[in-house]
Amino acid sequence: MGKVMVPNKWCRSSGDPGNDGPYRDTCLYQMDRAPISTYLDPYAPPVPTTESEHAMAKNHTTAPGIHIGIGDKDRAAIANGLSRLLADTYTLYLTTHNFHWNVTGPMFNTLHAMFMTQYTELWNAVDPIAERIRALGHAAPGSYGQFGSLATVPDAPATPPKALEMVRILVQGHEAVARTARELFPLVNEANDQPTADLLTQRLDIHEKTAWMLRSLLEE
């Protein structure tokens, strides 16, 4: 929390001796000769007040390098793979939410509720993927343009399909995301990146299980 300099304020109250004129209970700002006081402003940057703080501020203008036991090249490659996984996950989330809104027919209640469970899980999945990219020292993609260029999962159809076609599209989407996650495993294992390997394992389990459950609805 920083300090902002403001002019000192002199106040007169009704309790002051002789203060019975029109200016009782008023405050006068002394701009030219009054001492300067300070107050704390949560939006102001911190201002160093000692020599040691000035030295620390000068020496910490840039963040230190990342030294987590994974080389720069591997971190960049893993982050790139996770960016594709993030794009696929977000695209599948949008498609599933779209189908939740637009499903019709005799299976409406079942699919409406199922799609809500699935899009909620996908929405909760995007943050851990993005934060792993950041932990590796790279920016996470977060625009529709970036997702469109990175994703292997196609966008939802402009015209909502029939209920069982929605199910078929989601089966294919979950399988596509599983492939994206699995393709990254060799690099992650070679780089000895256990946190990313754990994340990929969790995502694979979810997508393969969800694809199985949706696929079961299509069986005669």
Just wondering, is there one or more residues in the range 100-120 that are surrounded by fewer than 15 Cβ atoms within 10 Å (Cβ to Cβ) and within 18 Å of the chain's Cα centre (by Cα)? yes
May I ask you to say which residue of G65, G105, G71, G142 is touching a Lys or Arg at 6+ places or on another chain (Cβ under 9 Å) and more than 19 Å from L200 (Cα to Cα)? G105
Across the range 94-152, what is the number of residues that are touching a residue at least 40 places away in the same chain (Cβ under 8 Å), hydrophobic (A, V, I, L, M, F, W, C) and more than 24 Å from M166 (Cα to Cα)? 6
Tally, over the range 139-173, of residues that are touching a Gly at 6+ places or on another chain (Cβ under 6 Å) and small (G, A, S): 1
Among A63, A113, A77, A44, which is at pLDDT 50 or above and touching a strand residue (DSSP E or B) at 6+ places or on another chain (Cβ under 6 Å)? A44
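Go over the candidates Q194, Q172 one by one and state the one that is modelled with pLDDT of 95 or more and either among the small types (G, A, S) or touching a Pro at 6+ places or on another chain (Cβ under 9 Å) (or both).
Details: Q194 fails: either among the small types (G, A, S) or touching a Pro at 6+ places or on another chain (Cβ under 9 Å) (or both).
Of the residues listed, the single one that is modelled with pLDDT of 95 or more and either among the small types (G, A, S) or touching a Pro at 6+ places or on another chain (Cβ under 9 Å) (or both) is Q172.
The values are calculated or read from the model by the stated rules, or taken from the named source; none is laboratory data. None of the values given here were measured: they were computed from a predicted structure. Every residue, glycine among them, receives a Cβ derived from its backbone with ideal geometry; neighbour counts consider all protein chains shown.
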